[in-house]
Amino acid sequence: MDTWIIVLIVVAALILLALAVLAVKRGAEKRTLRQREEASERRQQAQIVERQAAEREQEAEQQLARAQQERAVARGHAQRADEVDPDVET
């Protein structure tokens with residue numbers, strides 16, 4: 001086999017190897033980009049859910065405060081009823 005054919009085969013093999021390395025590298029870069037985008041979307045979703053949870057928690061705290069006030073009023077009414085009721089000993 002002539003030397004120039006061997007050199008041509010080696011050069012072609014090196015070019016194919018370089019192209020394969022580039023393809024793998026680009027694939028990895030694309031995968032990394034997709035993962036970053038997915039992570040960003042998940043963070044946005046987490047922020048939305050966190051905000052909604054905080055709002056619900058605030059509403060629950062307000063409802064608890066109202067319930068405690070109503071319970072205090074009810075106890076006041078019950079105490080007054082006991083004071084007025086002649087059958088209850090105070």
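Taken together, the values in this text are just the output of simple stated rules run on the coordinates, not laboratory data. Being a predicted model, the structure only gives us computed values, none of them experimental. Note that we place each Cβ from the backbone using ideal geometry, even for glycine, and neighbour counts take in every protein chain shown.
Only helical DSSP H runs with n ≥ 4 go in: add -39500 (n - 2.57) per run for the chain, normalise by residue count and round the 222 nm mean residue ellipticity to 500 deg cm²/dmol.
-35000 deg cm²/dmol
Using the Cα centre of the chain as the reference point, and only Cβ charges (+1 on K/R, -1 on D/E), how large is the resulting charge dipole? Debye, rounded to the nearest 20.
1140
Output the 0 to 90 degree angle, nearest 10, between the alpha-carbon long axis of helix 3-84 and the longest principal axis computed from the alpha carbons of the chain.
In the chain, helix 3-84 runs at an angle near 0 degrees to the longest axis.
Using r as the Cβ-Cβ distance of VAL24 and ALA60, and R0 as 41 Å, what FRET efficiency do you calculate, to the nearest 0.05?
Rounded to the nearest 0.05, the efficiency is 0.20.
In the set (i) 50, 27, 20; (ii) 36, 30, 29; (iii) 125, 18, 9, which value of Cα extents along the principal axes in Å was calculated from the structure you see?
Recomputing Cα extents along the principal axes in Å here gives the entry labelled (iii).
Answer with one residue from ALA28, LEU64, HIS77: the one whose Cα lies farthest towards the positive end of the charge dipole of the chain, charges on Cβ with Lys, Arg +1 and Asp, Glu -1.
Farthest along the dipole direction, towards plus: ALA28.
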